[in-house]
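**Student:** The structure is given below, and queries will be raised subsequently.
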Ligand code: ADP
Ligand code: MG
């Protein structure tokens with residue numbers, strides 16, 4: 001499902017004395033069937049971009065293309081519900097919204113609440129649980145008895161139950177321990193590789209993000225600072241640093257080794273691969 005921003009600006013409270021420009025003339029593209037990282041300091045406009053993608057808000061200027069939808073100012077979205085089923089958002093700390101007695105009820109709730117029509121709710125719930133790598137017996141458990149990582153996966157399953165084409169995760173690894181983080185990263189990769197989802201991950205943890213994204217979009221103060229293949233974008237270390245954006249440690253370290261060796265090192269995602277690369281030269 002194609003997602004494109006064409007000269008998009010967004011103002012909160014447009015035309016009032018407390019008007020606030022959250023996005024400034026953004027033109028960019030979310031790559032289909034890839035993992036797209038959306039990066040930027042707090043207040044840079046990440047959440048605003050997400051809300052524009054699923055039609056929760058409409059652009060003040062410009063157009064957001066989402067599949068066959070053209071979202072622009074003052075245009076009522078026909079079939080807004082369909083759009084929301086195509087674009088699944090897992091909000092930050094989603095488990096804080098849990099309130100039902102079983103995992104099964106929790107997953108079903110979203111489908112019923114949004115009026116998702118299917119006569120196969122049970123099947124959908126079971127396949128969503130399978131997609132996040134959990135066993136069916138978790139369905140009868142109380143969501144509050146689960147670990148942090150499991151809760152996060154249940155929240156993702158609630159969104160997968162709609163069978164969205166695009167999955168947006170806002171700070172998915174926030175507050176998880178290392179093991180749960182790694183497990184969640186594997187899950188996100190699998191959603192792309194096995195289930196062909198288009199993924200957008202919002203995060204300020206560039207070190208974790210770098211390990212699994214394909215492309216990045218970097219925002220700063222409502223403006224687009226950089227976009228493209230993660231290796232190309234993060235090679236511009238000085239440019240990013242001077243704009244207050246952290247560069248992943250693995251990229252910084254690779255760069256230092258290149259200077260020491262006086263040789264170009266192939267792009268790597270992790271330390272093990274970097275050591276293999278360095279071993280070719282020493
Ligand atoms: P991020 O998700 O990157 O932290 P946001 O998209 O939430 O950034 O916010 C972008 C800018 O818009 C910030 O300056 C924020 O204060 C402002 N903003 C966000 N929501 C509102 C709102 N409802 N009313 C007014 N200003 C807002
Ligand atoms: Mg936000």
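The values are calculated or read from the model by the stated rules, or taken from the named source; none is laboratory data. Treat the numbers as computed from the prediction; the structure is a model and nothing was measured. FYI the Cβ positions are ideal-geometry reconstructions off the backbone, even for glycines, and counts take in every protein chain you see.
**Student:** Determine whether residue 139 is under 19 Å from residue 98 (Cα atoms), at pLDDT 95 or above and either within 14 Å of the chain's Cα centre (by Cα) or crowded, with 20+ Cβ neighbours inside 10 Å (or both). First the steps, then the outcome.
**Tutor:** Numbers: under 19 Å from residue 98 (Cα atoms): yes; at pLDDT 95 or above: yes; either within 14 Å of the chain's Cα centre (by Cα) or crowded, with 20+ Cβ neighbours inside 10 Å (or both): yes.
Spelling it out, residue 139 is indeed under 19 Å from residue 98 (Cα atoms), at pLDDT 95 or above and either within 14 Å of the chain's Cα centre (by Cα) or crowded, with 20+ Cβ neighbours inside 10 Å (or both).
**Student:** Going through segment 13-47 one residue at a time, which ones are within 11 Å of ligand 1 (Cβ to nearest atom), over 13 Å from the mean Cα position of the chain (by Cα) and closer than 27 Å to residue 240 by Cβ?
**Tutor:** Step one: list which residues in segment 13-47 are within 11 Å of ligand 1 (Cβ to nearest atom), which gives 13-14, 16, 18-24, 38-47.
Cutting the leftovers down to over 13 Å from the mean Cα position of the chain (by Cα) gives us 13-14, 16, 18-24, 41-45.
Across segment 13-47, the qualifying residues are 20, 21, 22, 23, 24, 41, 42, 43, 44, 45.
**Student:** Does segment 11-25 include one or more residues that are within 16 Å of ligand 2 (Cβ to nearest atom) and buried (at least 21 other Cβ atoms within 10 Å of the Cβ)?
**Tutor:** yes
**Student:** Further, regarding this structure: Just one of 180, 158 is more than 16 Å from ligand 2 (Cβ to nearest atom), over 13 Å from the mean Cα position of the chain (by Cα) and under 13 Å from residue 128 (Cα atoms); which is it?
**Tutor:** 158
**Student:** Something else now. Please state which of the following conditions residue 57 fails to meet, knowing it meets all the rest: (1) farther than 30 Å from residue 118 by Cα; (2) within 16 Å of ligand 2 (Cβ to nearest atom); (3) in contact with a helix residue (DSSP H, G or I) (Cβ under 9 Å, 6 or more places away or on another chain); (4) not in a strand (DSSP E or B).
**Tutor:** (1)
**Student:** On to the next question. For segment 265-282, name all the residues that are in a loop (DSSP other than H, G, I, E, B) and either under 24 Å from the mean Cα position of the chain (by Cα) or at pLDDT 90 or above (or both).
**Tutor:** Across segment 265-282, the qualifying residues are 265, 266, 267, 268, 269, 270.
**Student:** Next question, about the same structure. Quick one: residue 155 ticks every box in (1) assigned to a helix (DSSP H, G or I); (2) surrounded by fewer than 23 Cβ atoms within 10 Å (Cβ to Cβ); (3) touching a strand residue (DSSP E or B) at 6+ places or on another chain (Cβ under 9 Å) except a single one, so which number is it?
**Tutor:** Residue 155 satisfies all of (1) assigned to a helix (DSSP H, G or I); (2) surrounded by fewer than 23 Cβ atoms within 10 Å (Cβ to Cβ); (3) touching a strand residue (DSSP E or B) at 6+ places or on another chain (Cβ under 9 Å) except (2).
**Student:** Let me ask something else about it. Under the condition of being farther than 15 Å from residue 173 by Cα and buried (at least 16 other Cβ atoms within 10 Å of the Cβ), which residue from segment 92-104 is nearest to ligand 2 (Cβ to nearest atom)? Before you say what the answer is, go through the steps one by one.
**Tutor:** Residues of segment 92-104 that are farther than 15 Å from residue 173 by Cα, as a first pass: 97-104.
Remaining after also requiring buried (at least 16 other Cβ atoms within 10 Å of the Cβ): 98, 103-104.
Numbers: 98: 21, 103: 27, 104: 30 Å.
Checking each candidate, the answer is 98.
**Student:** Restricting attention to segment 204-233, which residues are within 12 Å of ligand 1 (Cβ to nearest atom) and crowded, with 21+ Cβ neighbours inside 10 Å?
**Tutor:** Filtering segment 204-233 for residues within 12 Å of ligand 1 (Cβ to nearest atom) gives 204, 217-223.
Selection gives 217, 218, 219, 222.
**Student:** Let me ask something additional. Scanning for something on the phi > 0 side of the Ramachandran plot and touching a helix residue (DSSP H, G or I) at 6+ places or on another chain (Cβ under 6 Å), does segment 40-47 turn up at least one residue?
**Tutor:** Looking only at segment 40-47, we keep the residues that are on the phi > 0 side of the Ramachandran plot, and these are 40, 43, 45.
With the extra rule that they be touching a helix residue (DSSP H, G or I) at 6+ places or on another chain (Cβ under 6 Å), the set shrinks to 40.
Within segment 40-47, one or more residues are on the phi > 0 side of the Ramachandran plot and touching a helix residue (DSSP H, G or I) at 6+ places or on another chain (Cβ under 6 Å).
**Student:** Oh, and also: Regarding segment 254-272, can at least one residue be identified that is away from ligand 2 (no atom under 16 Å from the Cβ), under 30 Å from residue 7 (Cβ atoms) and surrounded by 20 or more Cβ atoms within 10 Å (Cβ to Cβ)?
**Tutor:** no
**Student:** Right, next: Out of all the residues in segment 161-169, is one or more touching a strand residue (DSSP E or B) at 6+ places or on another chain (Cβ under 7 Å) and within 16 Å of ligand 1 (Cβ to nearest atom)? Spell out how you get there, then give the answer.
**Tutor:** Residues of segment 161-169 touching a strand residue (DSSP E or B) at 6+ places or on another chain (Cβ under 7 Å): 162, 164-169.
Checking the rest, the ones that are also within 16 Å of ligand 1 (Cβ to nearest atom) come to 168-169.
Yes, that holds for at least one residue.
**Student:** While we're on this one: Can you pull out the residues in segment 197-217 that are in a loop (DSSP other than H, G, I, E, B) and either closer than 21 Å to residue 274 by Cα or modelled with pLDDT under 95 (or both)?
**Tutor:** Correct list: 203, 204, 205, 213, 214.
**Student:** Determine which single condition residue 89 fails, assuming it passes every other condition in (1) buried (at least 19 other Cβ atoms within 10 Å of the Cβ); (2) over 22 Å from residue 172 (Cα atoms); (3) within 16 Å of ligand 1 (Cβ to nearest atom).
**Tutor:** For residue 89, the failing item is (2).
**Student:** Answer yes if at least one residue in segment 67-76 is in contact (Cβ under 8 Å) with a residue 24 or more places away in the chain, within 25 Å of residue 192 (Cα to Cα) and not in a helix (DSSP H, G or I), and no otherwise. Break it down stepwise before answering.
**Tutor:** As a first pass, look at segment 67-76 and keep what is in contact (Cβ under 8 Å) with a residue 24 or more places away in the chain: 67.
When the remaining residues are screened for being within 25 Å of residue 192 (Cα to Cα), the result is 67.
If we keep only those that are not in a helix (DSSP H, G or I) as well, we get 67.
Yes, the conditions are met somewhere in segment 67-76.
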